[in-house]
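All remarks here apply to the structure that follows.
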Amino acid sequence: TETARRMFCSQPTISHQIQQLEEKYKTILIQRKNRQIELTEQGEVFLQYARKILLLDKQMEQELHQVNSPLSVHISHYIAEKYFATILPLHIDEFEQQSFSIKSNCYESLKEKLLLEKTSFAIMPIYENDSEFQQAYKVDLLFEEELFLIMHCSHPLAGRKVIYARDLKNQTLLLPENLYLQQLIKDKIDQKNAQVQYMQMTNFEIIKQAVLSGMGISFLPLKIIEPLLGQNKIMAKSIHGLCIKRQNAIVSNPQKMLTQRELNFCKYVKNQFIHYGKPLLN
């Protein structure tokens, strides 16, 4: 009766449809006991497959409407800027007839789009201290990278062959506004009892310019400063006993099936990083 009410039909109609299913599959799907109903073991199996069928039907509908539309790819600003040429398949036969809509966003925006199901997957960094988000989503690791201590070539620490965490005392450390990356860096610094002064800035590019201006030091991926290395403007150093790393991955919703085009693209991206990203893997 309740099912009939929700589906805007009569109770006998529902009973008849259940009876037809049981006759078709030659099994009992529902047990009726003392005005209560429950699924049999066969009913539980049927329910699992019914949900898969409905999901496939929805996926087919989405994919049919997307055949002639651009493949939407959501990606972090950093990966889009530094790895765009590596991951975008401009000259691959498999994607030759396809168009793409590349949308770059910050970590929080990508996370929000996944949570609100505005995208099925995103290419983005992941952080251990955001474990609740990671546990709810499927994570396919692309590469892991170390954040190096970045400073102007005129900085007092630039001439040191070995830098220890204690040498950071009273230094101005420039941080991005990403709270998870901030916490990752702060936790590593706190573990070494290094007393530093923190200054927050918007993103890696702004921090790079601030370092060039002598405003402070920072922990950045080498990709950010590659063009400046060897120009006597900026230096990248490791700190003895202190290593800060973060991972980048394809993050997808396990409850939302990717279309075949999306699956093909994700597979291609993973292969590209396996091929080109070997120096980054640790």
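The values are calculated or read from the model by the stated rules, or taken from the named source; none is laboratory data. All values derive from a computational prediction rather than experimental measurement. Every residue, glycine among them, receives a Cβ derived from its backbone with ideal geometry; neighbour counts consider all protein chains shown. All accessible areas refer to the heavy atoms of the entire protein, side chains included, with ligands and DNA or RNA removed. Shrake-Rupley method; radii C 1.70, N 1.55, O 1.52, S 1.80 Å.
Which label belongs to the value computed from this structure, given these candidates for Cα extents along the principal axes in Å: (i) 96, 53, 36; (ii) 85, 54, 36; (iii) 85, 48, 30?
Of the listed options (i) 96, 53, 36; (ii) 85, 54, 36; (iii) 85, 48, 30, (iii) comes from this structure.
Placing unit charges on C-beta atoms (Lys and Arg positive, Asp and Glu negative, everything else neutral), compute the dipole magnitude of region 130-242 about its Cα centre in debye, rounded to 20.
The calculation lands at about 620 debye.
Which of the listed residues, Y164, Y268, N253, is farthest toward the dipole's positive end in the chain, when Lys, Arg count +1 and Asp, Glu count -1 at the beta-carbon?
Y164
Rank-order 149-161, 43-55, 177-189 by packing density, defined as the average count of other C-beta atoms within 10 Å over each peptide's residues, highest first.
So the peptides 149-161, 43-55, 177-189, ranked by packing, come out 177-189, 149-161, 43-55.
If the cut-off is a Cα-Cα distance under 20 Å, which aspartates and glutamates reach K192, setting aside same-chain residues fewer than 8 apart in sequence?
E128, E146, D167
Using +1 at the Cβ of each Lys and Arg and -1 at the Cβ of each Asp and Glu in region 17-78, identify which of Q59, I75, Q17 lies farthest towards the dipole's positive end.
Q17
List, in order, the whole-Hz ³J(HN,Hα) value for each residue of region 105-113 obtained from phi through the Karplus relation with A = 6.51, B = -1.76, C = 1.60 and θ = phi - 60°; use x for Gly and Pro.
Along region 105-113, the couplings run 8, 6, 4, 4, 5, 5, 4, 4, 4 Hz.
Considering only protein heavy atoms and a probe of 1.4 Å, how much of the accessible area of the chain is carbon and sulfur, as a whole percent?
Within the chain, the accessible surface is 50 percent carbon and sulfur.
With a 1.4 Å probe and all protein chains left in place, how much accessible area per residue does the chain have, in Å²?
I get 61 Å² per residue for this part.
Could you check the spin-label model distance between T3 and E38? Points 7 Å from the Cα along Cα→Cβ, value in nm.
Rounded to a tenth, the inter-label distance reads 1.7 nm.
Take Q231 and K52, extend 7 Å from each Cα along the Cα→Cβ direction, and tell me the distance between the two endpoints in nm.
5.6
If you take every DSSP beta bridge fully contained in the chain, what fraction is antiparallel? Give it as a percent rounded to 5.
65
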